[in-house]
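These notes concern the structure reproduced below.
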Amino acid sequence: MTLRYFLILALLPLVPVAALAGTRDDVMAGAARCTVITDDRAWLDCYYGSAQPMRAQLGLLPAPASQVGRVPPPHGMAGSAMAPPPAAPVPTTPPVHQGLLAGLFGSNAAQVRMTAYHFDPHGLFTVTLANGEVWQQMPDDSNFAHWRGPASAYNVIVDQGNYGHAALMVENDGQTYEVRRAN
């Protein structure tokens, strides 16, 4: 947990600073940038993530990285009048994940078939993907998977977020799970 806060503080100088707007203005601007997202679940994660500046000001726990990472960055210079960015087309096959820096400058994910999964006594899962990656559900995630079929029946998208966390989505599941890489 301390490492997460250290990374946040270390990376703050890299974030473009908006004009000296109030925290509420920052939150509302972030929420407005979420309007380009067409998927309802991703939009809701973005909307919740846009409240991060207010959460920080109030000393609340940070929003999950999977939500904060969904908020599109501001475009153009601070204070310039701009039209909202056009909605990005939904790709049929997402690009392959490029690492932590790619997570900071834009999300990259790929759909991969699940080859194995198991649940621990607390109901948290560990999944193995066809590309050899192993992902574990974060203990503080409030979503619980209820998969029943063979692992090969599930396609997975892992969207690497900031600070070592990622969002794992299972096709036709309707849930987003917070995970970390186990291998």
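Coordinate-derived values only; no laboratory data. Source: prediction; values computed, not measured. Positions of Cβ are backbone-derived with ideal geometry, glycine not excepted, and every protein chain shown enters the neighbour counts.
Can you run down the residue pairs with Cβ atoms below 8 Å, 6 or more apart or on separate chains, where the first is in the range 25-47 and touching a residue at least 60 places away in the same chain (Cβ under 8 Å) and the partner is in a helix (DSSP H, G or I) and not hydrophobic (A, V, I, L, M, F, W, C)?
If the second residue must be in a helix (DSSP H, G or I) and not hydrophobic (A, V, I, L, M, F, W, C), the pairs left are ASP45/SER66; ASP45/GLN67.
Residues to consider are GLY132, GLY174; find the one that is farther than 20 Å from ALA65 by Cβ and under 20 Å from the mean Cα position of the chain (by Cα).
Residue meeting the stated conditions: GLY174.
Condition first: surrounded by fewer than 20 Cβ atoms within 10 Å (Cβ to Cβ), at negative phi and under 16 Å from the mean Cα position of the chain (by Cα). Now tell me which residues in the range 153-169 satisfy that.
Result: ILE157, ASN162.
I need a count of the residues in the range 112-129 that are of a type outside the set (Ser, Thr, Tyr) and surrounded by 14 or more Cβ atoms within 10 Å (Cβ to Cβ).
Count: 8.
Among what's in the range 141-152 and is surrounded by 10 or more Cβ atoms within 10 Å (Cβ to Cβ) and not hydroxyl-bearing (Ser, Thr, Tyr), pick the residue that is farthest from the chain's Cα centre (by Cα).
PRO150
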